[in-house]
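The values are calculated or read from the model by the stated rules, or taken from the named source; none is laboratory data. Everything quoted here is computed from the prediction, not taken from an experiment. Here the Cβ positions follow ideal geometry from the backbone for every residue, glycine too, while neighbour counts run over all protein chains shown. Surface accessibility is based on the protein's heavy atoms, side chains included, excluding ligands, DNA and RNA. Shrake-Rupley method; radii C 1.70, N 1.55, O 1.52, S 1.80 Å.
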Amino acid sequence: MTLKTSYFSANSPNHVEFHEQSLIELIENGQIGQIIHQSDPDYQKTLTAAQTTDQLITIAPGHYLLPGFIDLHNHAPQWPQVGIALDRPLNDWLNHYTFPLEARFADLDYATAVYRDLVHTLLTNGTTSALYFGSIHNNANLKLAEICAQLGQRAFIGTVVMDNPEQTPANYRDVNSATALSKTRTFIQAIQNQHHDQLVQPVITPRFIPSCQTETLTQLGRLAQETQLRVQTHCSESTWEHQYVLDRFGQTDSVVLQQFGLLNQHAVLAHATQLTTADQQLIKTEQAAIAHCPLSNAYFGNGVFPTKQLLDQQLKIGLGTDIAGGYSPSLYTNLQTAVTASQMRQDGVDARLPADSRGVADSRITTEEAFYLATAGGAASLAINAGQIKLGMLADFQIVQAAPQFTTLTPADQLTHLLFNHTAQQIKAVYVNGQLVHQKEQNWYDNAQ
């Protein structure tokens, strides 16, 4: 199959390519086989061949191809809780709302209904890959994996480990370290046995340091080193959580995670709003990634993540919705908020101060940088060949209709217009691994065979 389309793709935080009416060939292994631009000598020959063999899909005018978005932090069992009690402090929110909700996922019928709706919603919002925290229940997490595979979403899923009786409720915790480790091993093996195509992959998932006993962190670190699997956890996500770790271990989250073998090139750390300069350097040295969750950080992060500064230091960063600490399943909303939050960090929040002493200079990120975070940044964080429209990359796409326009736009302005004048209704089709996994209607192409 060959798509004839105009597209945007971020090669780096500061460089987004735009090409008009290029030919993008999708091959059987779900990758991009070749890209022919209008200026290439073989353009007409390739176009004619695709038309002759009925393999051409011409994207309709006013529609653009974007890489699929990559959600680096999503609590799947919190989907029913979206928007609820965001005025509560994090610890209170977890204990009075989140943990009781997640405990319900022992009911497989309930889990099935919730997860099917969540995965479908994410796909309709252009999210082709997601890194999921599950619950403590292996059966429910395996059902999430099954649904992702059925609906065609690329998914990285962890069975959540939490066994510290001081920080987790009696009705929602692993019994002890041995049980937590055994459960994690069982889940990993089940995913690897059932999903040979690797569309779904397992992730080692200590919820966060407060929820885990010391022996549990030790054993999970050893498992991470043994298997070389991805690791996901929260890191310095609020003043409460950050201080808890300091009081318990005398070190910050980043240092403690490294000591336990959980901070490495396979790790994705959520939030990280409270990082010290030394933490930032440690994360870079260990080549770990950060899931920036701008919406939920506004409610629970107790600080504005220094996106621009860390991008300039070449840390690996992507975007996460943090359902349900973030109220929107859309990475469009989150990339918009990332830009807004960075502007507020730059300008400062207290107008009573002199202008030259407010805020943090050079903190604002551009639309291009936010687009990078949602696509190539997330892919780099997960070490997957996705997030870009480029030869050899996985064919994970979204086809987006532009909002009505009343003036001529440059490519850079067109991208901003697409990203900021967005509704889910404008996402007309979604591809994962070269397969059409969602479409709203059939008016996004001029012809299709």
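For the pair Asn95 and Phe420, the difference between a 0.36 nm per residue extended length and the Cα-Cα distance amounts to 113.5 nm.
For segment 105-169, averaging the sequence separation of C-alpha pairs within contact (under 8 Å, six or more residues apart) and dividing by the residue count gives a relative contact order of 37 percent. Calculated [222 nm] ellipticity per residue, helices only, for the chain: -10000 deg cm²/dmol; basis is -39500 (n - 2.57) per DSSP H run with n ≥ 4, divided by all residues, nearest 500. Residues within the reach of a label modelled at Arg352 (point 7 angstrom out along Cα to beta-carbon, backbone nitrogen below 12 Å), restricted to segment 258-301: there are none. Rg then Dmax, both in Å and based on the Cα atoms of the chain: 21.9, 69. Solvent exposure of the chain amounts to 39 Å² per residue of accessible area, where only protein heavy atoms count and the probe is 1.4 Å. Only lysines eight or more places from Lys183 in sequence, or on another chain, were considered; those with a Cα closer than 19 Å are Lys143.
One quarter of the surface of the convex hull around the alpha-carbon atoms of segment 303-384 equals 6.0 nm², the direction-averaged projected area. The mean sequence distance of close C-alpha pairs (under 8 Å, at least 6 residues apart), as a share of the length of segment 206-278, puts its relative contact order at 39 percent.
Could you state the angle between the C-alpha long axis of helix 239-249 and the longest principal axis of the C-alpha atoms of the chain, as a value from 0 to 90 degrees rounded to the nearest 10? Value to nearest ten degrees: 50. Relative contact order of segment 248-304: 37 percent, from C-alpha pairs under 8 Å at least 6 residues apart in sequence. Among the listed pairs Lys4/Lys428; Lys4/Lys45; Lys316/Lys390, those whose Cα-Cα separation exceeds 18 Å are Lys316/Lys390. Computed extension length for Asp40-Thr239: 66.2 nm, one decimal, from 0.36 nm per residue of separation with the Cα-Cα distance subtracted. Charged side chains reduced to their Cβ positions (Lys and Arg at +1, Asp and Glu at -1) give segment 72-121 a dipole of some 60 debye around its Cα centre.
Against the criterion of solvent-accessible heavy-atom surface with a 1.4 angstrom probe, Glu237, Glu20 sort, most first, into Glu20, Glu237.
Of the solvent-accessible surface of the chain, computed with a 1.4 Å probe over protein heavy atoms with every protein chain present, carbon and sulfur atoms account for 48 percent. Once each part is reduced to its C-alpha centroid, what is the distance from segment 297-358 to segment 41-58 in angstrom? About 44 Å separates the Cα centre of segment 297-358 from the one of segment 41-58.
The modelled label-to-label distance for the pair Gln314/Arg116, using points 7 Å beyond Cα in the direction of Cβ, is 4.8 nm.
Highest mean packing first, where packing is the average number of other Cβ atoms within 10 Å per residue, the peptides 307-315, 375-383 line up as 375-383, 307-315. Whole Å is fine, so just give me how far the alpha carbon centre of segment 359-377 lies from that of segment 409-441. Their Cα centres are 20 Å away from one another. Packing-based ranking of 35-42, 57-64, 319-326, 346-353 yields 319-326, 57-64, 35-42, 346-353, ordered from highest to lowest mean Cβ neighbour count within 10 Å. Against the main long axis of the alpha-carbon atoms of the chain, helix 108-124 sits at an angle near 40°. Judged by the mean number of other Cβ atoms found within 10 Å, the most tightly packed of the peptides 201-207, 154-160, 339-345 leads the ranking 154-160, 201-207, 339-345. I'd like the antiparallel share, as a percent to the nearest 5, of DSSP beta bridges with both residues in the chain. Rounded to the nearest five, the antiparallel share is 45 percent. Compute the label zone of Phe18 within segment 418-449: residues whose backbone N is under 17 Å from the point 7 Å along Cα-to-Cβ. The answer is 418-422, whose backbone nitrogens lie closer than 17 Å to the label point. On full extension, the segment bounded by Asn176 and Thr285 gains 36.0 nm, given 0.36 nm per residue less the C-alpha separation. A simple spin-label model places pseudo-atoms 7 Å from Cα toward Cβ; at Lys440 and Asn29 they are separated by 3.4 nm. Put one equal scatterer on each alpha carbon of segment 33-92, apply the Debye formula with no solvent term, and list log10 I(q)/I(0) at q = 0.21 1/Å to two decimals. Log10 of I(q)/I(0), two decimals: -1.02.
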